[in-house]
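Peer 1: Let me begin by handing over the structure; questions about it come next.
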There are 2 protein chains.
Amino acid sequence: MKQMEFTNIHAYKADGFIRNWQEIIHTQAIPYQYAVMADQLPEPQSHTLQNFINAAKKIHGVHDENDFTGIVFHDSDAAKWAEAAAYTAATTGDPDIAAKLDAVIRLIADAQEPDGYLNTYFSLRRPDKKWTNLLEAHELYCAGHMIEAAVAHYEATGKRNFLDVMRKNADHIYKHFITERHEGWGGHPEIELALVKLYQATGDEKYLVLAKHFIDVRGTDTDFYSRENDRKGWKYWGMNPKDLTYSQAHAPVRQQKDAVGHAVRAAYLYAGMADIANLTDDSALFCACKNLWDSITKKRMYVTGGIGSTKDGEAFTGDYDLPNDTAYAESCAAAALIFFAARMAQGEIDGKYYDIAELAFYNAFLAGIQLDGKKFFYVNPLENIPGISGKISTHNHALSVRQDWFACACCPPNIARLLASFGKYAYGENEGTVFCNLYAAGKVQFGNGVQLQCTTGYPFDFNVQYSIQHGGKDIAVRIPAYSRHTTLKIDGKETEYTIKNGYIYIKKPISGTKIEIQLDNMPHKIYPHTKIFENSGNVAVSRGPIIYCFEGIDNAGDVLSLALKRSGTLTVGADTAPGGAPVLHAQAIRLQTGQSLYSFDPPKTAIDTATAIPYYTRANRGDTEMRVWLPEY
Amino acid sequence: MKQMEFTNIHAYKADGFIRNWQEIIHTQAIPYQYAVMADQLPEPQSHTLQNFINAAKKIHGVHDENDFTGIVFHDSDAAKWAEAAAYTAATTGDPDIAAKLDAVIRLIADAQEPDGYLNTYFSLRRPDKKWTNLLEAHELYCAGHMIEAAVAHYEATGKRNFLDVMRKNADHIYKHFITERHEGWGGHPEIELALVKLYQATGDEKYLVLAKHFIDVRGTDTDFYSRENDRKGWKYWGMNPKDLTYSQAHAPVRQQKDAVGHAVRAAYLYAGMADIANLTDDSALFCACKNLWDSITKKRMYVTGGIGSTKDGEAFTGDYDLPNDTAYAESCAAAALIFFAARMAQGEIDGKYYDIAELAFYNAFLAGIQLDGKKFFYVNPLENIPGISGKISTHNHALSVRQDWFACACCPPNIARLLASFGKYAYGENEGTVFCNLYAAGKVQFGNGVQLQCTTGYPFDFNVQYSIQHGGKDIAVRIPAYSRHTTLKIDGKETEYTIKNGYIYIKKPISGTKIEIQLDNMPHKIYPHTKIFENSGNVAVSRGPIIYCFEGIDNAGDVLSLALKRSGTLTVGADTAPGGAPVLHAQAIRLQTGQSLYSFDPPKTAIDTATAIPYYTRANRGDTEMRVWLPEY
């Protein structure tokens, strides 16, 4: 049973670190991404909106048009942008964003076919092949993102126009899969969690039925893709219909234990599974979600919260296989892990879920966007070697610097929509309690009546104050596992506390109460499990939720000859990293070897100081050596 | 100018370590490989000889046959086997091997077309497409291996039948490329060094002209593959004609500086280049060879002498990119590096060449064959992780245990032919000097009249005695760079010496002289250059030319939690590794981490002893964790 609801998008008015990022999304990323999609820049031009214009012309008989540009799921870029714009319009009230969003919604609505079908690739290119290639063609995936956008727009504005378009689309899908009983499920999960949102926004149970259907049917028939492949008579990429793990269709979802296949598909699916488990009290399904959660977080996750160890299928591989230089760790996969975590926390109040969400957010996820909001990483390796990373065949995915766009541009708008909706996850609630899941400065107006103001310089300052402006419910504050020394003051007085499943509970503080939490502000060394064979002998460095990295530019141009002194000190530096965060300094050893590749002579050693910056701020100063993990010496 | 000749195959009668391996080749590998090629076993069956039988039937009009089995260069397996058999027949006088060899030569001769053309793939499958696909189709490669076999057979037996077949074939190729001036060069170099052998065996200069032509023309026309691709009207794999580096055709060879592309192709080419440079006094070409040598040995070679860092094209990648778990380090590439080294040493007497040849031989090369002679590795990674190696997409090439055959079976007969002809490289000569390049027990009868007996338990005993049975020329003995403490005794008396370019020279010892060399027998730790980013903080262990590795089976099933104690001792153990070599013991630290993937708590440590076995004996006891490099603690 669901223990916690997300807050409404209007609930949280950000301040501090999150406001800064939401302003970048508002003033830079959203206008920039719109301009790319609308072909308003000399380059990049994605033609995303032109596809809708062309499809509308064809559907409305203006002329016989079949010009489609981009990848089969190109529409989803517009959907994710619209979702981000809806959140941003709600929190900022910016009329320019609202106007752009209205324009995009009109284009989308115009491209809907009379029966509710909506997908410009199929309308333009393959009108006779709808629903024939679930393995490859992303129709349900695109519909899912579009539904999420419509729900966000409805929630942000109260307007039903976009919601109605997507209800009609969802009804069309319901008819196809439920009424007409066509077999199959989407090759790329996403619609499951979207339909749950649509159900919650509309109260219409058939969307829950459809979401549950896609969860229940997945992987129950291991020949489905092959049958579909045999009869479809066309292909998009020519994916192998026997490769079932890639799309988590190798077994019924309740029987899945290991996180496998394409990492974004996986975590979107698991998020949808958790949604259905929470809404239908399906303990077997929630148990499967917990097993998959453990598989990820105990065996298959980078220290940055990144997931997906290989570019081969952008996928999970095996337990403890976490190569640093060839990591995939897609920005979208970090977002998807956060979505999964947030739904697990709804089903089971346990701080471990938001511990991981926080880790993924501040590291693998936030690394996906340049500090200026206009360039993006798709892949987030934990090591950058100039001349190798992004250059040789095994590392060609692991680009050294962020790009202004991608042919497959899933990540940029995904980053925008999650940053713009941060409050939904940062704060949660149920009838009797409000949950401070993530430390997020700003004002929060909960649905259950509580109103509070959070003041903090988190994630670089570890004092967090909650001023209760309207009380009467319990306040639960997550205490991260990283915080080994935490103090709680209520109205200035240090107070004993117990942590229950990762949260401190303050019983019904009255209006005017001041809650002050001082978290552990010490930098720490992180030691990997010995089974992580790529990290034997290595350590990483963190402070709070922030994983740090060592860039050449701060370390005499040479990180590869740097080792951290075993039991050496780790201190917060006076200098700032790009973006203004404090650097860390570590006592280090500089190793000097001779010219030959291999030598009997141990390296000469010299005492040095290594300087680390937050991982997410990496590559803001060009292509330079970068490591998260350094050997100890 | 050539400074050193290879010895004749009859010159060296092996004893000790080499005799043991030559007996395994003689009694196990050669009969086994013949049985596979002749389809005499239930499995594996390669149908290699059946292709010749079928081609002969078609050529001689017995019936219209087009049944070909295997890969386009399948013929070369028979060629390499025949070469190995010829050497073995020469050194053992075994009539059964000689009879099998005669039978194979008859099959080959019967499959030659009247104009001299010889290639069963084309005769059977593509008779109208000869010489139209140099990029992919390996015709010159197969011819090269067949020529090498014919020269070996001639050298071993004095019989000209096979040699005449291949002269006719070489004449056919000469006519095509020189007389008729058809453009192009072989996509897979090999024929260059083979034609040099044919020139030396026959004295016919046109084979030298043809070899030099293939060297000179390579990479001079970067559009050749594309033009060929446009006009050929068929494809084998559909290789990209614009990928010129893969086959070292991106620039004229004299301008090439970095070792690039497919590692076997590269080292075969470089060997041929060195041959031509040596024979034609082409200093610009030799200079290019030296640059390429330096590129390999100073920046792109594993500590085992393995080359080829990635399965993508079985290729070199970039400087210092030497991943352990995903290494390619093909057995054939190690052989090819030895061929290249041996030719460099012919052009410039410098011990550094045979230092590398020795390293590659005892490690990356010898690891390719099971101790029983019947199973083989194609790929020789420096780390084996059960469940990952050979199992997941990024590691599917890095098999954990040797195989009884391969669809592409280039390595097994390559290993056989090099082991069977070890003496050619171990000892060299010129008019005034004999060269002991590698420590190889046995009797040697040089062409210049010197006769000696070498007595040693090398590579596990480091006392090497040469008894001069017929003297009168200078004796040059390579002193490996690894030997930091070397003593020389002449007739029992310790003698001062100087090392000149890696060799000790003993001036004209008379018959009866005893030369005794005591090499450094200490185990050593090896430290990698700090730029080798996969090995930061790691050490390897060696003794003499042998690189050791740590297998789980000797180390409580867990190598990943083992670190070597910094400045800890390294001793020769009383136990023996598979094959009888002594193990090494290293003072070690056992690390114990908790259950979580990442922790603030440093691992608990316990004193331990790590046991290492020679790398080449790895995986003789099943799939077990294996590492060449361990962290230091």
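The values are calculated or read from the model by the stated rules, or taken from the named source; none is laboratory data. On a predicted model such as this, the values are computed, not experimentally measured, just so you know. Glycine gets a Cβ as well: all are built from the backbone with ideal geometry, and neighbour counts include every protein chain shown. To get the accessible areas, we keep the full protein, side chains included, count just its heavy atoms, and leave off ligands, DNA and RNA. Shrake-Rupley method; radii C 1.70, N 1.55, O 1.52, S 1.80 Å.
Peer 1: Mind checking which helices (runs of 4 or more DSSP H) fall wholly inside the stretch B:190-240 and carry at least 1 residues that are at pLDDT below 95?
Peer 2: Values: elements: B:191-202, B:205-217, B:224-232.
The helices (runs of 4 or more DSSP H) meeting that bar are B:224-232.
Peer 1: For residues that are within 11 Å of another protein chain (Cβ to nearest Cβ) and open to solvent by 50 Å² or more (accessible area, probe 1.4 Å), scanning just the stretch A:601-616, find the one that is nearest to B:Glu632 (Cα to Cα).
Peer 2: Among them, the one singled out is A:Pro602.
Peer 1: To continue, here is another question. Which pairs turn up if I take residues in the stretch A:612-627 that are at positive phi and look for partners that are buried (at least 23 other Cβ atoms within 10 Å of the Cβ) and in a loop (DSSP other than H, G, I, E, B) with beta carbon separation below 9 Å, at least 6 apart in sequence or on another chain?
Peer 2: A:Ala619/A:Phe377
Peer 1: Which ones in the stretch B:572-600 are touching a strand residue (DSSP E or B) at 6+ places or on another chain (Cβ under 8 Å), open to solvent by less than 60 Å² (accessible area, probe 1.4 Å) and within 14 Å of chain A (Cβ to nearest Cβ)?
Peer 2: Once the filter is applied, which keeps residues that are touching a strand residue (DSSP E or B) at 6+ places or on another chain (Cβ under 8 Å), open to solvent by less than 60 Å² (accessible area, probe 1.4 Å) and within 14 Å of chain A (Cβ to nearest Cβ), the stretch B:572-600 yields B:Ala588, B:Ile589, B:Arg590, B:Leu591, B:Thr593, B:Leu597, B:Tyr598, B:Ser599, B:Phe600.
Listed here are the residues, each with its yes/no results for (1) within 24 Å of the chain's Cα centre (by Cα); (2) part of a helix (DSSP H, G or I); (3) at negative phi.
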{"position": "B:Leu359", "(1), (2), (3)": "yes, yes, yes"}
{"position": "B:Tyr362", "(1), (2), (3)": "yes, yes, yes"}
{"position": "B:Phe406", "(1), (2), (3)": "yes, no, yes"}
{"position": "B:Leu438", "(1), (2), (3)": "yes, no, yes"}
{"position": "B:Phe460", "(1), (2), (3)": "yes, no, yes"}
{"position": "B:Ile468", "(1), (2), (3)": "no, no, yes"}
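Peer 1: Does the stretch B:284-299 include one or more residues that are part of a loop (DSSP other than H, G, I, E, B) and either of a type in the set (Gly, Ala, Ser) or surrounded by fewer than 22 Cβ atoms within 10 Å (Cβ to Cβ) (or both)?
Peer 2: There is no residue in the stretch B:284-299 that is part of a loop (DSSP other than H, G, I, E, B) and either of a type in the set (Gly, Ala, Ser) or surrounded by fewer than 22 Cβ atoms within 10 Å (Cβ to Cβ) (or both).
Peer 1: Specify which of the listed residues (A:His182, A:His172, A:His176, A:His213) is in the same structural domain as A:Thr69 (by TED's automatic domain parsing), touching a Gly at 6+ places or on another chain (Cβ under 7 Å) and more than 26 Å from A:Cys408 (Cα to Cα).
Peer 2: After ruling out the rest, the residue left standing is A:His172.
Peer 1: Another one. The conditions are (1) more than 30 Å from A:Arg125 (Cβ to Cβ); (2) crowded, with 16+ Cβ neighbours inside 10 Å; (3) out of contact with any Gly (no Cβ under 7 Å at 6 or more places or on another chain), and A:Asp15 fails exactly one of them. Which is it?
Peer 2: All conditions pass for A:Asp15, except number (3).
Peer 1: While we're here: Do you know which of the residues in the stretch A:300-350 that are on the phi > 0 side of the Ramachandran plot and more than 10 Å from chain B (Cβ to nearest Cβ) is surrounded by the fewest Cβ atoms within 10 Å (Cβ to Cβ)?
Peer 2: Applying the filter and picking the extreme gives A:Glu314.
Peer 1: Also, I was wondering about something else. Would you mind finding the one in A:Ile526, A:Ile499, A:Ile510, A:Ile515 that is away from every other protein chain (no Cβ under 14 Å) and open to solvent by less than 30 Å² (accessible area, probe 1.4 Å)?
Peer 2: Checking each option against the conditions leaves just A:Ile515.
Peer 1: Only one of (1) assigned to a loop (DSSP other than H, G, I, E, B); (2) more than 15 Å from the chain's Cα centre (by Cα); (3) among the polar types (S, T, N, Q) fails for B:Thr304. Which number is that?
Peer 2: Only one criterion is unmet by B:Thr304, namely (2).
Peer 1: Now for a separate question. Quick check, is A:Gly387 of a type outside the set (D, E, K, R), in contact with a helix residue (DSSP H, G or I) (Cβ under 9 Å, 6 or more places away or on another chain) and assigned to a loop (DSSP other than H, G, I, E, B)?
Peer 2: no
Peer 1: Can we say A:Asn169 is without any contact (Cβ under 8 Å) to a residue 60 or more places away in the chain and crowded, with 24+ Cβ neighbours inside 10 Å?
Peer 2: So A:Asn169 fits the description; yes.
Peer 1: Can you name the number of the only condition in (1) open to solvent by 20 Å² or more (accessible area, probe 1.4 Å); (2) in the same structural domain as A:His153 (by TED's automatic domain parsing); (3) of a type outside the set (A, V, I, L, M) that A:Asp258 fails?
Peer 2: Of (1) open to solvent by 20 Å² or more (accessible area, probe 1.4 Å); (2) in the same structural domain as A:His153 (by TED's automatic domain parsing); (3) of a type outside the set (A, V, I, L, M), only one is false for A:Asp258: (2).
Peer 1: Return the residues of the stretch A:28-45 that are open to solvent by 50 Å² or more (accessible area, probe 1.4 Å) and in contact with an Asp or Glu (Cβ under 9 Å, 6 or more places away or on another chain); say none if nothing qualifies. Before the answer, list the steps.
Peer 2: Filtering the stretch A:28-45 down to residues open to solvent by 50 Å² or more (accessible area, probe 1.4 Å) leaves A:28, A:40, A:42-43, A:45.
Correct list: A:Gln28, A:Glu43, A:Gln45.
Peer 1: Are any residues in the stretch B:536-558 at the interface with chain A (Cβ under 10 Å from one of its Cβ atoms) and more than 25 Å from the chain's Cα centre (by Cα), and if so, which ones?
Peer 2: Pass one, the stretch B:536-558, residues at the interface with chain A (Cβ under 10 Å from one of its Cβ atoms): B:536-540, B:542, B:547, B:558.
Result: B:Ser536, B:Gly537, B:Asn538, B:Val539, B:Asp558.
Peer 1: Filter the stretch B:201-248 for residues that are closer than 24 Å to B:Tyr270 by Cβ, polar (S, T, N, Q) and without any contact (Cβ under 8 Å) to a residue 24 or more places away in the chain and give the result.
Peer 2: B:Asn240, B:Thr245
Peer 1: Let me ask something else. Going by the conditions given, is B:Ala619 assigned to a loop (DSSP other than H, G, I, E, B), crowded, with 17+ Cβ neighbours inside 10 Å, more than 13 Å from chain A (Cβ to nearest Cβ) and among the hydrophobic types (A, V, I, L, M, F, W, C)? Step through it out loud before you land on a result.
Peer 2: Numbers: assigned to a loop (DSSP other than H, G, I, E, B): yes; crowded, with 17+ Cβ neighbours inside 10 Å: yes; more than 13 Å from chain A (Cβ to nearest Cβ): yes; among the hydrophobic types (A, V, I, L, M, F, W, C): yes.
Yes: the conditions hold for B:Ala619.
Peer 1: I would also like to ask the following. Does B:Glu136 satisfy the criteria of being touching a residue at least 60 places away in the same chain (Cβ under 8 Å), assigned to a loop (DSSP other than H, G, I, E, B) and either in contact with a Ser or Thr (Cβ under 8 Å, 6 or more places away or on another chain) or not polar (S, T, N, Q) (or both)?
Peer 2: When the stated conditions are applied, B:Glu136 passes them.
Peer 1: Does B:Thr569 qualify as being β-branched (Val, Ile, Thr), surrounded by fewer than 22 Cβ atoms within 10 Å (Cβ to Cβ) and more than 8 Å from chain A (Cβ to nearest Cβ)?
Peer 2: The answer is yes for B:Thr569.
Peer 1: Which of the residues that make up the stretch B:351-397 are touching an Asp or Glu at 6+ places or on another chain (Cβ under 9 Å), open to solvent by 30 Å² or more (accessible area, probe 1.4 Å) and within 14 Å of chain A (Cβ to nearest Cβ)?
Peer 2: Once the filter is applied, which keeps residues that are touching an Asp or Glu at 6+ places or on another chain (Cβ under 9 Å), open to solvent by 30 Å² or more (accessible area, probe 1.4 Å) and within 14 Å of chain A (Cβ to nearest Cβ), the stretch B:351-397 yields B:Pro386, B:Gly387, B:Ser393, B:Thr394.
Peer 1: If only one of A:Thr48, A:Thr88, A:Thr92 is among the β-branched types (Val, Ile, Thr) and open to solvent by 30 Å² or more (accessible area, probe 1.4 Å), which one is it? Outline the logic, then answer.
Peer 2: On the way: A:Thr48 fails: open to solvent by 30 Å² or more (accessible area, probe 1.4 Å); A:Thr88 fails: open to solvent by 30 Å² or more (accessible area, probe 1.4 Å).
Exactly one residue qualifies, and that residue is A:Thr92.
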